[in-house]
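None of the figures in this text is laboratory data; all of them are computed from the coordinates on show. Fair warning: this is a prediction, and the values are worked out from it, not measured in the lab. Note that we place each Cβ from the backbone using ideal geometry, even for glycine, and neighbour counts take in every protein chain shown.
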Amino acid sequence: MAAVSRTRPELAGLVERTVATMRSAFPLSYIPGDQLPDVAFGLPDPLDEHVARAAFAVSGAIVTFNISDFPKSAPESRGLTAMTPDEALLRVVKDDEVGVLDSVRAIRLRLRNPPMTADAYAAGFASIACHGFANWLRRRRADF
């Protein structure tokens, strides 16, 4: 939140609402900073350490568009993986293609004002650099 507020102050309100919504929907997904494990990853930017510590705390993965902020050796030294959102989405597709299609269909059909075509929905992912996932959606557009 702090990074977005610094670099895109006009989005601060939107980010705060999004975080509040996420915390409400997934209350166990938030770990206060003082409850993160005391582990160092040696990242280029010390302000990114909390991201790796949170992923480490839940045996998760780091999913970020700023993959260069997490050199491969740093998270892997502690058993973590860092990946782009596109890579993460494609991994979920590999694990549960039917579930992803069901979710995409349900989300897209809720978009009614205006309605969104399958092609437009896929284009939205391409516009945020999730090209692999967008291409997968385009190949499956008849299914969602």
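Here the sum of -39500 (n - 2.57) over DSSP H runs of 4 or more residues, divided by the residues of the chain, equals -15500 deg cm²/dmol at 222 nm, to the nearest 500. Converting the Cα gyration tensor eigenvalues of the chain into ellipsoid dimensions via √(5λ) gives semi-axes, longest first, of 30, 19, 15 Å.
Simple point charges give the picture: +1 on the Cβ of Lys and Arg, -1 on the Cβ of Asp and Glu, and for the chain a dipole about the Cα centre of about 640 debye.
With a Förster radius of 22 Å, plug the Cβ-Cβ distance of Arg8 and Arg140 into 1/(1 + (r/R0)^6) and report the FRET value to the nearest 0.05. Each step should come with its number before you reach the end.
Numbers: r = 33 Å, r/R0 = 1.48.
Given R0 = 22 Å and the Cβ-Cβ separation, E is 0.10.
Taking amide hydrogens as placed 1.01 Å from N in the peptide plane, the amide H of Ala82 sits under 5 Å from those of Ile62, each at least 5 positions away in sequence or on another chain.
What value does region 2-83 have for Rg/Rh, both radii from Cα atoms and Rh as Kirkwood defines it? Could you put the intermediate results ahead of the total?
Values: Rg = 13.4 Å, Rh = 13.8 Å.
Rounded to two decimals, Rg/Rh equals 0.98.
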